[in-house]
Each structure stands twice: as structure tokens, then as C-alpha cells.
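A short worksheet on the structure shown next.
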Amino acid sequence: MALTKVIGAGLGEVKGASSADLTIDAPTDNATLTLKAGSSDSGAEGAFAVFIQNTTNKWQMGMNTDNSFRLYSYGASAEVLNMDSTGAMTLPLQPAFSVNASSKQTNIAINTETQVTFDVERFDRNADFGSNVFTAPVTGLYQLNCRLRLDDVDSASAYYQIYIYTSNTVYTPFTFDANEYSSDIDYLSGGGAVLADMDANDTAQIKVYQSGGTAQTDIAYGYDMHFSGYLVA
């Protein structure tokens, strides 16, 4: 394919024929496309390739002035991938959250599921957690983790269960048979983790169930409980 337009002494713009791909064909087995910045000075330079749809910038990828590689989304107005010179990679917008509570939930109801409240966000990278619920921004597999401490556990109850509720299914990572004990228990810790399939806009939350007994059990707060998760794939 012949080039239809070449502008600038340094090939500032190269255009192919209308409705055609532009191909760079090397006669050897290996081909390298080099984008060079700062060839005339010794300062820290960046080098980037920009991908444009019609007239709108969509993506940028290349090298930052600190020699890290990055992928930038113009739609999100943010860097979505960064890899430093050692190969360590971060995904700044990858959905991930960790929450706990600032106060105790007292006297949870018996024979009904109690939603656990979380009002302290340690982090919420993509702003997907709110009103005690995580909402999946995209379809994928999510690692979900929870741990709770229950105080004043009633030995007269049949059992306690901790649930990870998702839109697709319910997981029960922890079950405790309380009536094996002859007297009430000061506290009990339990929880678990699951790799859950979630569709975009599916939700996940934590619930506790006490079967029978007296409504006297509290859900502890602070570092004794947490709910966290992140997008795996």
C-alpha cells in the first residue's frame, strides 16, 4: 500500500489510503517499532502512543518520565495500569474494598437474617461499596472475605450462621453449634472467603442468622470484624 501523505521533516504524520490499514512490514524475522523521545538531551522523557476513535482520544500507553510503563484511559481520565522498572504492576482502578464498623450492632434478632452494617471504609478503589453493600461494576470473578466477632453468644440457641449473600447465590462460610455449651459464651469469632461469580450490578452483603434462643447477641465492631473483596478475573 502506498502512503498517501507524509508531513514534516521528521515524518510528523503518516497516512494510509482511505479505508485501509497502515502496515509496517519488515523484511526480517523480527520487527521493532521504536518511539524515541529526548534524543537530543539527557533529561527524563516520556514516550506515548495515543489511540483515537474518530476524533476522540480513547487510550494512551507508553513510558512515564520515571521509566514506568502506563496505560491511561481518557474516558476515566485516569491511569488504569502502571508497571515500574522492576516489573511490579498496580491497577489503580481495579475494584477492591475493605470495610468495618464504628459501633456495635446489639441484640440481633432471632430466627431471621440480620444484615451486618459497615460504615467505615479503609479503602474503596472504584467507589463500588455503599449502604452496607458491594455492587460489582463488571461481570467477573470476585474474591469476597468476611470475619465477624459475636459477643454474648446464647448457648440456648440452636446455631449461628454467617452468610455471604450475592445476587447469584448464598454462601455459608461459617456455622456454629451453640447449644453444645452449658453456658453462654463471651465471644465467638468466625468467617470465611469465597470466589464468587458476579454479573455487572450484582450485589454482595454479609448477614448473620441466630436460630432460637434469646435476642442478646451483639456484632462487634472495629478491627474485630471486616468485609473485603476484589475483582480477580
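The values are calculated or read from the model by the stated rules, or taken from the named source; none is laboratory data. Not measured: the values here are computed from a predicted model. Neighbour counts are summed over all protein chains in view; Cβ atoms, including those assigned to glycine, are modelled from backbone coordinates with ideal geometry. Accessible surface is based on the protein model in full, side chains and every heavy atom, while ligands, DNA and RNA are left aside. Shrake-Rupley method; radii C 1.70, N 1.55, O 1.52, S 1.80 Å.
Residue by residue through region 29-55, note down the ones that are touching a Gly at 6+ places or on another chain (Cβ under 9 Å) and either closer than 15 Å to residue 73 by Cα or among the basic types (Lys, Arg) (or both).
Once the filter is applied, which keeps residues that are touching a Gly at 6+ places or on another chain (Cβ under 9 Å) and either closer than 15 Å to residue 73 by Cα or among the basic types (Lys, Arg) (or both), region 29-55 yields 48, 49, 50.
Output yes when any residue across region 196-218 is more than 19 Å from residue 169 (Cβ to Cβ), modelled with pLDDT of 95 or more, among the hydroxyl-bearing types (Ser, Thr, Tyr) and surrounded by 19 or more Cβ atoms within 10 Å (Cβ to Cβ), and no when none is.
At the first step, the residues of region 196-218 found to be more than 19 Å from residue 169 (Cβ to Cβ) are 210-218.
Restricting the remaining residues to those that are modelled with pLDDT of 95 or more gives 210-218.
Restricting the remaining residues to those that are among the hydroxyl-bearing types (Ser, Thr, Tyr) gives 211, 214, 217.
With the extra rule that they be surrounded by 19 or more Cβ atoms within 10 Å (Cβ to Cβ), the set shrinks to 217.
Yes, region 196-218 has at least one match.
What number goes with the only condition from (1) in a loop (DSSP other than H, G, I, E, B); (2) within 20 Å of residue 125 (Cβ to Cβ); (3) among the β-branched types (Val, Ile, Thr) that residue 80 does not pass?
Just one mismatch for residue 80, condition (1).
Find the residue count for region 59-89, including only residues that are touching a strand residue (DSSP E or B) at 6+ places or on another chain (Cβ under 8 Å) and loosely packed, with under 13 Cβ neighbours inside 10 Å.
Summing the residues that are touching a strand residue (DSSP E or B) at 6+ places or on another chain (Cβ under 8 Å) and loosely packed, with under 13 Cβ neighbours inside 10 Å in region 59-89 gives 3.
So, in region 129-178, how many residues would count as being of a type in the set (A, V, I, L, M), part of a strand (DSSP E or B), more than 16 Å from residue 98 (Cα to Cα) and under 16 Å from the mean Cα position of the chain (by Cα)? Steps first, please.
At the first step, the residues of region 129-178 found to be of a type in the set (A, V, I, L, M) are 133, 136, 138, 141, 144, 148, 150, 153, 156, 158, 162, 164, 170, 178.
Subset that is part of a strand (DSSP E or B): 133, 141, 144, 148, 150, 153, 162, 164, 170.
Within this subset, residues satisfying the condition of being more than 16 Å from residue 98 (Cα to Cα) are 141, 150, 153, 162, 170.
Next cut, under 16 Å from the mean Cα position of the chain (by Cα) only: 141.
Adding up the residues that qualify gives 1.
So which of 192, 229 ends up being closer than 22 Å to residue 120 by Cα, surrounded by 18 or more Cβ atoms within 10 Å (Cβ to Cβ) and small (Gly, Ala, Ser)? First the steps, then the outcome.
Working: 192 fails: surrounded by 18 or more Cβ atoms within 10 Å (Cβ to Cβ).
Result: 229 is the single residue among 192, 229 that is closer than 22 Å to residue 120 by Cα, surrounded by 18 or more Cβ atoms within 10 Å (Cβ to Cβ) and small (Gly, Ala, Ser).
For region 23-41, what are the residues that are modelled with pLDDT under 75, closer than 25 Å to residue 60 by Cβ and open to solvent by 90 Å² or more (accessible area, probe 1.4 Å)?
23, 24, 39, 40
Can you tell me which residues in region 165-193 are of a type in the set (Gly, Ala, Ser) and in contact with an Asp or Glu (Cβ under 8 Å, 6 or more places away or on another chain)?
First pass over region 165-193, keeping only residues of a type in the set (Gly, Ala, Ser): 167, 178, 182-183, 189-193.
Residues satisfying the conditions are 167, 178, 189.
Can you work out which of the residues in region 126-174 that are closer than 28 Å to residue 79 by Cα and of a type in the set (Phe, Trp, Tyr) is most open to solvent (accessible area, probe 1.4 Å)?
Applying the filter and picking the extreme gives 129.
If a residue has to be in a loop (DSSP other than H, G, I, E, B), open to solvent by less than 60 Å² (accessible area, probe 1.4 Å), of a type outside the set (A, V, I, L, M, F, W, C) and in contact (Cβ under 8 Å) with a residue 60 or more places away in the chain to count, how many in region 91-111 make the cut?
So the count comes out to 2.
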